[in-house]
Amino acid sequence: MVDKLLIKNIKTLYTSVQKPPVKGKDMGLIEKIENAYIEIEDGYITMVGKDYDYTTAVFDKVYDASGLIAIPGFVDSHTHLVFGGSREDEFSLKLQGVPYLDILKQGGGIFNTVKKTKEASHEELFLQAKKSLDEMLLFGVTTLEAKSGYGLDLDTEIKQLEVIKRLDNEHPIDIHSTYLGAHALPKEYEEKREEYIEKIKHDLEFIAKNNLAEYADVFCEMGVFTAEETKQILLKAKELGLGLRVHTDEIESIGGTQVAIELGAKTVDHLMATKASDMAKLAETDIIGNLLPSTSFFLNKEFAPARQMIEKGMALSISSDYNPGSTPSENYQFALQLAGNKLRMTPDEILTAATINPAYSLGLSDEIGSIEIGKFADILLLDVKNWDYFIYHYGINHTKAVFKKGVLVVDNRTILR
Ligand code: NIG
Ligand code: FE
């Protein structure tokens with residue numbers, strides 16, 4: 001039986017209708033429909049229009065969106081969703097000004113969370129991550145990328161990836177997983193780095209063979225993994241058929257972006273220290289620059305030079321980077337508001353960066369990322385006057401309702417199923 005849904009009386013509907021990756025000034029092109037409606041059948045959008053004529057069609061359900069705006073569900077394409085414990089114990093060090101990489105060098109930071117993630121059971125990790133995922137859904141995220149990287153040993157990495165798989169099955173948010181075994185070099189490998197790189201390459205075979213992840217990622221940074229090590233790992237991942245995403249240019253630019261370009265990565269992430277020459281090269285590719293402004297905010301660091309990137313013609317997305325160390329907040333809406341206030345992106349550019357571009361980086365832009373006929377009805381209804389107001393009125397949750405594949409999963413800021 002066909003399930004027919006109508007969302008009617010939408011104050012304004014906003015969506016990109018550009019072909020992704022949407023680059024440079026095209027990021028500011030957003031279609032706006034006043035007094036809009038959306039027809040949905042079996043989870044797919046079958047009609048989008050204006051001034052609906054109610055006389056004929058019959059629907060199983062009708063949602064009256066009077067006073068609300070509609071946009072595509074948010075796609076958060078960089079998170080570290082699954083981890084044990086938390087790191088508020090390191091917060092005082094941070095406030096005293098101890099740098100992020102110094103805390104890591106002293107065996108804290110990522111290693112602190114690795115210890116807690118090893119100790120946690122599958123069930124504990126599942127319950128903690130599910131709580132975060134519920135928050136994300138309430139903030140309007142309908143598709144998510146989630147990384148491992150808090151195990152470093154294969155068993156714990158697998159435990160994280162299995163938790164991600166279970167969450168994907170049991171939660172309305174669709175989750176796409178990334179293996180990040182090269183998140184930090186374990187202490188016991190300090191004198192034998194090459195052995196760890198070999199081990200990661202070996203573990204990648206198991207990960208790929210057992211379909212445990214769709215992507216591989218490396219933290220390419222001064223004092224973590226070099227560009228050459230990053231290349232070795234990502235080359236192997238590519239050979240095994242995994243897509244590539246790279247943590248690069250967060251603190252210093254050491255060549256990770258060059259490797260990403262050479263190997264055809266899907267995203268380069270962070271980019272606070274990216275060189276202008278690399279921006280121009282990225283603009284020539286289909287690689288999405290994935291900016292994480294909440295991380296700059298929490299680490300009191302520079303914000304990525306988004307205006308310069310857009311001028312150079314890059315395609316950008318914005319992600320939360322949710323993790324216990326550099327971004328302990330599930331609030332994706334705050335990341336978007338920072339993209340306005342700190343990255344100086346326009347509200348329309350931000351909408352592109354929150355929907356169609358991240359969907360493209362996950363290979364999903366034929367299915368999601370815009371409100372167009374034939375796509376899944378992943379739709380967010382926001383209780384704001386207009387989209388600009390959403391970016392301006394920061395820090396609160398503007399969600400009224402969330403539809404995932406045509407199913408109402410959040411209404412009145414409450415999860416329904
Ligand atoms: O993207 N930069 C590396 N990884 C994470 C932080 C991980 C952590 O501190 O636990 C990030 O910010
Ligand atoms: Fe990250």
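Nothing in this text is a laboratory measurement; each read-out follows from the coordinates by a stated rule. These figures come from a predicted structure and were not determined experimentally. Here the Cβ is made from the backbone with ideal geometry for all residues, glycine too, and neighbour counts use every protein chain on show.
Key figures
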{"read-out": "Rel. contact order, % - alpha carbon contacts under 8 angstrom, at least six apart, the chain", "value": "21"}
{"read-out": "Which of L244, L271 has the fewest Cβ neighbours within 10 Å, and the rest in rising order", "value": "L244, L271"}
{"read-out": "For q = 0.08, 0.09, 0.10, 0.14 Å⁻¹, Debye-computed log10 I/I(0) when each Cα of the chain counts as one equal scatterer", "value": "-0.41, -0.52, -0.64, -1.23"}
{"read-out": "Loop sites in the range 3-99: chymotrypsin sites (Phe, Trp or Tyr not before Pro), DSSP, at most 10 other Cβ within 10 Å", "value": "Y54"}
{"read-out": "Dimensions (Å) - the range 136-263, Cα atoms, principal axes, largest first", "value": "42, 28, 27"}
{"read-out": "Taking I30, I415 and counting other C-beta atoms within 10 Å, the order from fewest to most", "value": "I415, I30"}
{"read-out": "Relative contact order %, the range 1-134, counting alpha carbon pairs below 8 Å whose residues are six or more apart", "value": "25"}
{"read-out": "Residues whose placed amide H lies under 5 Å from that of I10, excluding near-sequence neighbours", "value": "A36, A65"}
{"read-out": "Vicinal HN-Hα couplings computed from phi for the range 39-44 (Karplus, 6.51 cos²θ - 1.76 cosθ + 1.60; Hz; Gly/Pro x)", "value": "9, 10, 10, 6, x, 9"}
{"read-out": "For the range 254-331, radius of gyration divided by Kirkwood radius, i.e. Rg to Rh on alpha-carbons", "value": "0.97"}
{"read-out": "Calculated from backbone phi, Karplus (6.51, -1.76, 1.60) coupling profile of the range 273-279 in Hz, x at Gly/Pro", "value": "10, 5, 6, 4, 5, 5, 4"}
{"read-out": "Over 22 Å [Cα-Cα, the range 1-100], rounded percent", "value": "54"}
{"read-out": "Centre separation in Å (Cα based) which lies between the range 318-374 and the range 247-269", "value": "19"}
{"read-out": "Phi-based couplings in Hz for the range 208-219 (Karplus 6.51, -1.76, 1.60; Gly and Pro marked x)", "value": "5, 4, 9, 6, 7, 8, 9, 10, 10, 9, 9, 8"}
{"read-out": "Whole-angstrom gap from the range 23-71 to the range 384-417, using each part's C-alpha centre", "value": "15"}
{"read-out": "The range 251-405 shape via C-alpha gyration tensor axes, a/c threshold 1.5", "value": "oblate"}
{"read-out": "Separation between Cα centres of the range 179-222 and the range 82-159, rounded to whole Å", "value": "17"}
{"read-out": "Unsatisfied cross-links (Cα-Cα over 30 Å) in the set K147/K405; K116/K375; K4/K32; K19/K405", "value": "K116/K375"}
{"read-out": "Amide H contacts under 5 Å for K400, placed H, 5+ residues apart", "value": "L381, L382, D383"}
{"read-out": "Cα-centre dipole for the chain with unit charges at Cβ (Lys and Arg positive, Asp and Glu negative), debye to 20", "value": "580"}
{"read-out": "Residues whose placed amide H lies under 5 Å from that of H78, excluding near-sequence neighbours", "value": "E145, S320, D321"}
